[in-house]
Amino acid sequence: MHEHKAVITIGKKTVVHLQSILSAYQEVYTYLVKKDVNGIADLAHKLSDAARQAAQTEPDGAGRHMMEHVLAGAERLKKAKSLQEVQKVFASMSDVLSPFFIAWPNQLKRNELKMCRCKNDGHCWLQPQNCSSACPYSPDNGKMCSDIEEVKL
């Protein structure tokens with residue numbers, strides 16, 4: 001039996017909130033690549049505010065469901081203390097956002113993003129198109145994961 005997932009769509013009013021979410025998400029990504037968790041709580045507040053507004057403007061359905069998951073992730077991010085906790089929450093948020101961009105690859109271009117995947121652990125993430133790929137899930141500063149592929153949509 002196949003499970004049919006609804007294509008995630010969002011309304012025009014929600015797009016501006018998605019852009020705020022992506023902006024804060026990208027900042028979290030940058031902190032993770034640097035292995036710096038200081039300042040993550042501030043970014044989590046930005047993420048939370050944007051996701052809350054998006055969930056309020058989006059009618060019931062897959063788009064609102066995505067925003068509610070991002071909001072829940074942002075709330076968990078506020079409480080995350082360790083690099084591993086932040087990475088885990090970031091992975092869950094990436095997992096929630098990815099299907100939207102898989103369904104609408106033009107949104108990657110529009111937001112100047114690319115989707116990458118770590119071949120080691122299978123996690124995906126979104127990052128700026130113009131940056132060289134860096135895995136936000138590397139366990140420590142000493143070793144950067146180099147087994148990264150850009151997901152072509």
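The values are calculated or read from the model by the stated rules, or taken from the named source; none is laboratory data. These numbers come from a predicted model, not from an experiment. Neighbour counts are summed over all protein chains in view; Cβ atoms, including those assigned to glycine, are modelled from backbone coordinates with ideal geometry. The protein model used for the area step is the full one, side chains on, heavy atoms only, and it has no ligands, DNA or RNA in it. Shrake-Rupley method; radii C 1.70, N 1.55, O 1.52, S 1.80 Å.
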Using helices alone, what [θ] at 222 nm do you get for the chain, with -39,500 (n - 2.57) per DSSP H run of 4 or more residues, divided over all residues and rounded to the nearest 500?
-19000 deg cm²/dmol
Mind checking Rg over Rh on the stretch 14-87, alpha carbons, Kirkwood formula for Rh?
1.00
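For 88, 119, 114, what's the largest-to-smallest order of accessible area, 1.4 Å probe? Present the calculation step by step, with values, prior to reporting the outcome.
Values: 88 155, 119 110, 114 25 Å².
Order by accessible area, largest first: 88, 119, 114.
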With a 10 Å radius around each residue's Cβ, average the other Cβ atoms per peptide and rank 124-132, 39-47, highest first.
39-47, 124-132
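Leaving ligands, DNA and RNA out of it, report the carbon-plus-sulfur percent of the accessible area of the chain at a 1.4 Å probe.
Working: 4380 of 8470 Å².
Its accessible area is 52 percent carbon and sulfur atoms.
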Surpassing 23 Å at the alpha-carbon level, of the pairs 12/119; 35/119; 34/109; 13/46; 81/114; 119/152, are 12/119; 34/109; 81/114
Residues in the stretch 11-26 reached by a label modelled at residue 131 [backbone nitrogen below 20 Å; 7 Å Cα→Cβ]:
18-26
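Write down the Å³ per residue value for the convex hull defined by the alpha carbon atoms of the chain. List each step's numbers first, then the result.
Working: hull volume 17.5 nm³, N = 153.
Per residue, the Cα convex hull of the chain comes to 114 Å³.
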Please give the per residue accessible area of the chain, computed with a probe of 1.4 Å over protein heavy atoms only, in Å².
55
Given the candidates 72, 53, 82, the one whose Cα lies deepest towards the positive end of the charge dipole of the chain, counting +1 at each Lys or Arg C-beta and -1 at each Asp or Glu C-beta, is 53
Highest to lowest packing among 105-113, 21-29, scored as the average C-beta count within 10 Å:
21-29, 105-113
In whole percent, what relative contact order does the chain give with Cα contacts below 8 Å and a gap of six or more residues?
23
Per-residue SASA entry for residue 60, accessible area with 1.4 Å probe, Å² rounded to 10
130
Quick check: pseudo-label points 7 Å beyond the Cα along Cα→Cβ at residue 34 and residue 72, how many nm apart are they?
3.1
